[in-house]
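Where a number appears in this text, it was derived from the coordinates with a stated rule and is not lab data. Since the structure is predicted, the reported quantities are computational estimates derived from the model, not experimental observations. Here the Cβ positions follow ideal geometry from the backbone for every residue, glycine too, while neighbour counts run over all protein chains shown.
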Amino acid sequence: MGMIGRILDALFGSGNVIKETAEVFRVNAEADAVRAVSVQGQALNQFGMEFAFSRQSLFDRLMDAINRIPRPALALGTIGLFVAAMFDPVWFAERMTGIALVPEPLWWLLGVIVSFYFGARHQAKGQAFQKELAQTLSRVPQVVNSLDMLREFDADTPSVAETGTDANLTMGTITPAGNAALEDWARHRAS
């Protein structure tokens, strides 16, 4: 029995050869889940620390408002040019002739400025979106806990109202309590 015991110990005991061999070919799911939770928690903490000071000053809000002007101005200005070309073609042709005289390097410079403006704006808005997403994700554990607590009080849960070994609680559940409406009805009927 000693030899069989040592063989079984080697296969299934503390030095589990089968388990260790299987983990060479397939990741331990439990350990992988623990690592994933740890990584997600660290990422959320990092997001939280990065965006901890999210209150904007008056100056920041003013600059944000000013930064919103160019896109609508460009869009409405372009539509305005189409309208102007239909109402006063001569005036429009004079303006376009003036634009045709602008040197090519100045057009390149304008393109670079507009590209950098919209690129920076896109990046700033993307970072603000990531901040809001991180704040929302940081609330997930609280919501899950609240849902779990609410599910404990579900009427379909077996023995949710069980009194256990508390005799006073058991007696309280089977002893009728006073019903003010019923007593009032009985008094009214008796009189």
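For Gln127 and Val24, a Förster radius of 30 Å and the Cβ-Cβ distance give a FRET efficiency of 0.10, rounded to the nearest 0.05. Simple point charges give the picture: +1 on the Cβ of Lys and Arg, -1 on the Cβ of Asp and Glu, and for the chain a dipole about the Cα centre of about 660 debye. Along region 132-145 the Karplus relation, 6.51 cos²θ - 1.76 cosθ + 1.60 evaluated at θ = phi - 60°, assigns HN-Hα couplings of 5, 5, 5, 5, 5, 5, 5, 8, 4, x, 5, 5, 4, 4 Hz to successive residues, with x for each Gly and Pro.
In the chain, the longest principal axis of the Cα atoms and the axis of helix 89-100 are about 80 degrees apart. Compared with the dominant principal axis of the Cα atoms in the chain, helix 70-87 is inclined by about 50°. The residue among Leu106, Pro70, Met96 whose Cα reaches farthest toward the positive pole of the charge dipole of region 39-132, with charges on the beta-carbon of Lys, Arg, Asp and Glu, is Pro70. The helix-based estimate of mean residue ellipticity at 222 nm for the chain, built from -39,500 (n - 2.57) per DSSP H run of four or more residues and divided by its residue count, is -25500 deg cm²/dmol to the nearest 500.
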